[in-house]
Amino acid sequence: MESEIVHPDIMYDIFALYTPILFAFGVLVLLVAWMPIVLRRLPLSLPILCVVIGMAIFTFTPFDVYSPNPLKTPILVEKATELIVIISLMGAGLKISRPLGWRRWNMTWRLLVIAMPLTIIGIAVTGHLLFGFGIATSLLLGACLAPTDPVLASDVQIISKANEEDETRFALTSEAGLNDALAFPFVHLAILGSVAGFGMAELADWAIKDVVLRLTVGLIAGWVAGWLLGRILYSLPSDTRLSRSGDGFVALGATLITYTVTEALYGYGFLAVFVAGLQIRRASDGHEFNTRMHDFADEAERLLMMVMLVFFGGMLVSGELLYRVGWREAIFVVIVLFLVRPVTGSLSLIGVGRPMLERNIVAFFGIRGLGSIFYLAYALNHGEFTDVSDLWRLLSLVIATSILIHGVTVTPLMRKLEK
């Protein structure tokens, strides 16, 4: 693995571009603020524009030499995407006030228990048949691409309390909040297979540690953190109650503390952050401070998302990711986005008692995005995989196509559903 130390000459060149970078960042901030209003009635999305902007910026001199490349800076890619995902998960948790329950969350449980494992299997088999990947590599590809991305799925998630009863938005919000954590055991299984194989002893150790233990710790840590913060915010005497501060930074602080403590306890921080968000929302549902926290988390998430998507556009034009793209890659993308997820999603929702259009939209909007980039970077930094370039190429193609297809179709399909 190449060193990620930046050469002093490169740093000097970056400082020479300081003013253009500030200008570009200012333009991006205004896009985040204004473009959703402009695009509301158009079959476009802000993520599409940001990826295109990134591709344009990093195509030309002098920015082309700074084009992000996950093959050269895998640790940087892992940590940057990790941050945006955990902030997004807290925001997703703060959106939901519906109490947990089998019937109330019926569509969510079906998507998690049925659709996601079948999606992992379907993508893994496709990768093996088309590219000859081994078991560990195929499993990793399936685990990375199975979860619905909590970052890019914001356009189909709960927007306000007024549309929380919309089953489509609720199912996609809750699924995106939980399936990142539930995909992690399969990522760890792929890492284990790449290092030690898939023997019975290894599988038993994985089942105990990476499935039962880490999920349990993540669930408990998130519940305790959310309950404790809820008590601090809403149960202190009125003259000392912290919810009077009106400070949305509480959401960011809660996210980072919950995540780091859970990871230190050997639990899944992704699960803990989402559960903590649910608990905080439930602690005083309808309180104005809940709205302020959610709005702050949402704005921070959108800004970080757009920055990351600009760099993702740079990744696409860096040369190596799109090198040797052929018919097999095109077939893989079509199968993943138009066959595996829609079919497994539809199968999982049979018998839920919802209209077919609603079930089809939920099954179709399995958006792939920045969470998948984090999983792949994490696995490659902790495992021993071959075909690294092929994995990044396929992942990038699926994400780029998902951003385009789902971004173009989200406005007309959601409008049709609302009618």
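The values are calculated or read from the model by the stated rules, or taken from the named source; none is laboratory data. Values in this document were obtained by computation on a predicted structure and should not be read as measured data. Virtual Cβ from ideal backbone geometry, glycine too; neighbours counted across all protein chains shown.
Annotation note: of Ala190, Ala204, Ala181, the sole residue that is of a type outside the set (Lys, Arg), modelled with pLDDT under 90, in a helix (DSSP H, G or I) and under 26 Å from Met116 (Cβ atoms) is Ala181. The set of residues in segment 280-310 being surrounded by 21 or more Cβ atoms within 10 Å (Cβ to Cβ) and at pLDDT 80 or above consists of Ile280, Arg281, Met305, Met306, Met308, Leu309, Val310.
Residues that are in contact with a Leu (Cβ under 7 Å, 6 or more places away or on another chain) and closer than 23 Å to Asn381 by Cβ were ranked within segment 84-119; the one that is surrounded by the fewest Cβ atoms within 10 Å (Cβ to Cβ) is Ile84.
If only residues of segment 320-338 that are out of contact with any Leu (no Cβ under 9 Å at 6 or more places or on another chain) and touching a residue at least 12 places away in the same chain (Cβ under 8 Å) are counted, the one that is farthest from Ser389 (Cα to Cα) is Leu337. Any residue at all in segment 102-113 that is at pLDDT 80 or above and under 20 Å from Met305 (Cβ atoms)? Scanning segment 102-113 turns up no residue that is at pLDDT 80 or above and under 20 Å from Met305 (Cβ atoms).
Just one of the listed residues (Gly326, Gly351, Gly366) is at pLDDT below 90, out of contact with any helix residue (DSSP H, G or I) (no Cβ under 7 Å at 6 or more places or on another chain) and closer than 29 Å to Glu418 by Cβ, namely Gly351. The residue pairs whose first member lies in segment 401-419 and is farther than 18 Å from Arg368 by Cα, whose second member is polar (S, T, N, Q) and part of a helix (DSSP H, G or I), and whose beta carbons are closer than 7 Å, counting only pairs six or more residues apart or on different chains, are Leu417/Thr168.
Taking helices (runs of 4 or more DSSP H) as the structural unit, those lying wholly within segment 304-419 and holding at least 2 residues that are charged (D, E, K, R) correspond to 327-335, 356-364, 388-418. State all residues of segment 190-217 that are hydroxyl-bearing (Ser, Thr, Tyr) and closer than 11 Å to Tyr268 by Cα; if no residue qualifies, say none. Across segment 190-217, the qualifying residue is only Thr216.
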